[in-house]
1. I'm trying to understand the selection: among the residues of the stretch 61-84, which are under 21 Å from Arg321 (Cα atoms) and more than 15 Å from ligand 2 (Cβ to nearest atom)?
2. Among residues belonging to the stretch 245-300 that are basic (Lys, Arg), in a strand (DSSP E or B) and open to solvent by 20 Å² or more (accessible area, probe 1.4 Å), point out the one that is farthest from Lys334 (Cα to Cα).
3. Name, by its number, the condition in (1) at pLDDT 60 or above; (2) farther than 29 Å from Ile434 by Cβ; (3) in contact with a Gly (Cβ under 9 Å, 6 or more places away or on another chain) that does not hold for Arg324.
4. Tell me yes or no: at least one residue of the stretch 176-189 is among the acidic types (Asp, Glu), touching a residue at least 24 places away in the same chain (Cβ under 8 Å) and open to solvent by 30 Å² or more (accessible area, probe 1.4 Å).
5. Looking only at the stretch 25-40, count how many residues are surrounded by fewer than 23 Cβ atoms within 10 Å (Cβ to Cβ) and away from ligand 1 (no atom under 12 Å from the Cβ).
6. Taking the stretch 554-578, which residues are open to solvent by less than 10 Å² (accessible area, probe 1.4 Å) and either in contact with an Asp or Glu (Cβ under 9 Å, 6 or more places away or on another chain) or in a strand (DSSP E or B) (or both)?
7. Where residues in the stretch 391-432 are among the β-branched types (Val, Ile, Thr) and modelled with pLDDT of 80 or more, which of them is farthest from the chain's Cα centre (by Cα)?
8. Do we find that Ala106 is within 16 Å of ligand 2 (Cβ to nearest atom) and under 13 Å from Gly50 (Cβ atoms) in this structure?
Amino acid sequence: MSIKVLPAEVAAKIAAGEVVERPASVVKELVENAIDAEATEIKIEMRQGGIRLMRVVDNGCGIPGDEVELAFARHSTSKLESASDLARVSTLGFRGEALASIAAVAQVTLISRTAQESVGTQVKVENDTIVGREGKGCPQGTVVTVENLFYNVPARLKFLRRESTEAGHISQLVSCYALAYPELRFSLLRDGRLAFQSTGSGKLYDVLVKVYGLEAARQMLPVESDNGVSDRDLRPTAEGDQTSIRVHGYVSSPSLHRSNRRYLTFFVNRRWVQDRSLSYAASEAYHTLLPTGRYPIVVLNVDLDPAEMDVNVHPTKREVRFRRGNEVFAAVQKAVRRVLTESSPLPTVASRPYPVGSPPEGPSFWGQPRRLTGVGGERRPLGQLAMEVQRTAEDALSTAVPPQLRPKLPMLRVLGQLGQTYIIAEGPGGMYLIDQHTAHERVLYERFTAERARMAVASQQLLSPLPLELTPRQHAAMAEHVEALAELGFEIEPFGGETFLLRAVPAVLERGPSTSSGRGDIGQAVAEILDELAEEGTGETREEKALISVVCHSAVRAGQTLSMEEMRDLVRQLEETSLPHTCPHGRPTMIHLSAEQLAREFGRR
Ligand code: ADP
Ligand code: MG
């Protein structure tokens, strides 16, 4: 075939496909337009998962009658004037292609009126062409109705999911924007029924309650990174100007977690973004505080100079690139880590993270003023812009080391052992029951991690090599984790067939309870560690998994009698750890029974 220029209509549909993937993408663009138009109230309506109809009603600035058609032209926008504006985008829209794209793949009706006009304008657009225009009485603002999405793109229609799935995406999107803009009143009608409504009170906490429910919201901790402005936050850039990265929002306390990452929500300058490095930074902050395979609920806004990032990465604007990705990552991790360690809730007997009825004080507002549509808040006239796509991809991500954390455990006096499993101790705040196994796991875990960081893991050579008979599964696990195991001090070499020779083990394991009683047991412990490593992925790295497994096999067991001396030692060591309240698997190391609680239980109050 010879090369031909595609007919305009075909090109438009191809381009539209990049912006409009599914009904929720349409709602996203329309809601963003309403926010950019400085609406205070945004009503969203969907029928049949949005496939039949989507409507967004706002009370924003409106579009002047003589610009309504232009709004549907590709690359027409009132938000940018030149390509250089791209370097500091402060509105949600800027590409000037959303309305054009939507009109290429659906039937669109737009009604709009500005404050200066007495009558509004209605236009109908189909297949990229205006098919009707008339004057219409209406309140100030804009109503966009989008019907029969993909009616003219059968290939796309086929790929739409069930109505309920599409409706779910739209609901999530509306919740996210409500979280990002607590000062706006959002409502969502689903097939005629009110599905969601935010109050527009300006309090993020109020929206959290609406989105996640009161019970969950009560267990969320406020994050405000500029409480203690750190040197990093204000470090001058190479150009010498001061630029800061601020992190605000809420994160769940470790008592509250979910089975997937869907509950990690991030905004950058209040733009909802999908960014794996941000998710990773926040989850990393929970490291060893949550059971494996569980994820926190996170709602965070990263506030930075628009010049510090590029939003023009993808037509959907869901991805951003940071100029200083490492610093953004570190700022998020640090902010979350700090609130977690400061609150570090200790399970009590009647465990309740917050007293009922006293929601935590949090950021009432995202520490950032509303973005204005144009210079001085004036809406710029619509103009057409040749889009110049500039992409910067300089940020390489790296893992930041969590800040040094302070111990949170008071000095405890050991009183005795209970059921050969728990240590009973007394402290200034009442009685503490400490699980000897999980407590020891925490101690070993931190010691081991520190040794590994210094490349100084103590390895213990066995007096004579111990032959190991491995099952194929254990063998595979060993092959997969060979480096991690070597790093921890294991020396294992093939001896023919399924037999391997164990020459050295981590010193901590050699001294541990499973092995101190005899050589046979150390082979058994290694086999069990390999079994654990063979388990399906739990989200940790290989190194981490191997380390936790070794720690678990080295820690004292439940059922082991400990002398007062040993218990005192263990409690002292636990006091030294940075996160004394949980073991590396996320289970509690202790339960606290406060003096007040005891008094209450005995009827002394
Ligand atoms: P962009 O948002 O990238 O500028 P769009 O295609 O989404 O591009 O919209 C084109 C233009 O139409 C916007 O720049 C804006 O001037 C105008 N517009 C769209 N929706 C609204 C609205 N709800 N209220 C006021 N103006 C709007
Ligand atoms: Mg837009």
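The values are calculated or read from the model by the stated rules, or taken from the named source; none is laboratory data. On a predicted model such as this, the values are computed, not experimentally measured, just so you know. Virtual Cβ from ideal backbone geometry, glycine too; neighbours counted across all protein chains shown. Heads up: the accessible areas ignore ligands, DNA and RNA and are worked out on the full protein's heavy atoms, side chains in. Shrake-Rupley method; radii C 1.70, N 1.55, O 1.52, S 1.80 Å.
1. Ser82, Ala83, Ser84
2. Here the residue is Arg258.
3. Among (1) at pLDDT 60 or above; (2) farther than 29 Å from Ile434 by Cβ; (3) in contact with a Gly (Cβ under 9 Å, 6 or more places away or on another chain), Arg324 violates only (3).
4. yes
5. 1
6. Across the stretch 554-578, the qualifying residues are Ser554, Ala555, Thr577.
7. Filtering the stretch 391-432 for residues that are among the β-branched types (Val, Ile, Thr) and modelled with pLDDT of 80 or more, the one farthest from the chain's Cα centre (by Cα) comes out as Val414.
8. Judged against the criteria, Ala106 is a match.
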